[in-house]
Amino acid sequence: QVQLVESGGGLVQAGGSLRLSCAASGTILSINAMAWYRQAPGKQRELVATITGGGSTNYADSVKGRFTISRDNAKNTLLLQMNSLKPEDTAVYYCNAPPTFSKYSWGQGTQVTVSS
């Protein structure tokens, strides 16, 4: 069974940056379409960014131009570079397959808190 482990979250001031990582057993991260999601307190989980097996990316309008999804194939790791962070980016961030794909078991996520 695939296990997803997110890391890299933390507390940062508005305007700052964080880099999230997602590790998984097997080689799924280097060959499959993947995505980052987030869930803020009291809100539903939402899609943040996707990357296809070929490397094409797509972003939610709220993060476009600020976040970058990528892979480090050598390390079998999915990444999310987050710049110009805003308080409304505060959430628990998760990696998993994109919305139209069968999901893996959800990891515990990594908390991102942006102070104003």
task = Just read off the accessible area of ILE51 with the full protein assembly in place, 1.4 Å probe, to the nearest 10 Å².
result = 10
Relative intensity, log₁₀ I(q)/I(0), of the chain from a Debye sum that treats every alpha carbon as a point, q = 0.11, 0.19, 0.22 Å⁻¹ = -0.31, -0.94, -1.27
Candidate lysines - alpha carbon under 24 Å from LYS75, same-chain residues fewer than 8 apart omitted = LYS103
query = How large is the accessible surface per residue of the chain, computed with a 1.4 Å probe and reported in Å² as a whole number?
reply = 52
remark   = With DSSP loop assignment and no more than 11 other C-beta atoms within 10 Å, the trypsin sites (Lys or Arg not before Pro) in region 1-75 are LYS43, LYS64
key: Label point at VAL5 placed 7 Å out along Cα→Cβ; residues across region 90-116 whose backbone nitrogen lies under 14 Å   = 107-110
query = Taking the Cα-to-Cβ direction at SER84 and at ARG45 and moving 7 Å from each Cα, how far apart do the two end points lie in nm?
reply = 2.8
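Mind putting a number on the dipole of the chain about its Cα centre? Charges go on the C-beta only, +1 for Lys and Arg and -1 for Asp and Glu, and I need it in Debye to the nearest 20.
Roughly 40 debye, rounded to the nearest 20.
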message = Checking the cross-link filter: which aspartates and glutamates have an alpha carbon closer than 20 Å to that of LYS64, excluding same-chain neighbours under 8 positions apart?
response = GLU46, GLU88, ASP89
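Using alpha-carbon pairs under 8 Å, 6+ residues apart, how would you state the relative contact order of the chain in percent?
Here the relative contact order equals 37 percent.
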request  = With a 1.4 Å probe and all protein chains in place, put GLU88, GLU6 in order of accessible area, largest first.
outcome  = GLU88, GLU6
task = Would you please give the FRET efficiency between LYS64 and SER116, computed as 1/(1 + (r/R0)^6) with r the Cβ-Cβ distance and R0 = 25 Å, to the nearest 0.05?
result = 0.70
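The values are calculated or read from the model by the stated rules, or taken from the named source; none is laboratory data. Nothing here was measured: the structure is a model prediction, and the numbers come from that model. With ideal geometry, Cβ positions are generated from the backbone for all residues, glycine too; neighbour counts draw on all protein chains shown. The accessibility values were calculated without ligands, DNA or RNA, using every heavy atom of the protein model including side chains. Shrake-Rupley method; radii C 1.70, N 1.55, O 1.52, S 1.80 Å.
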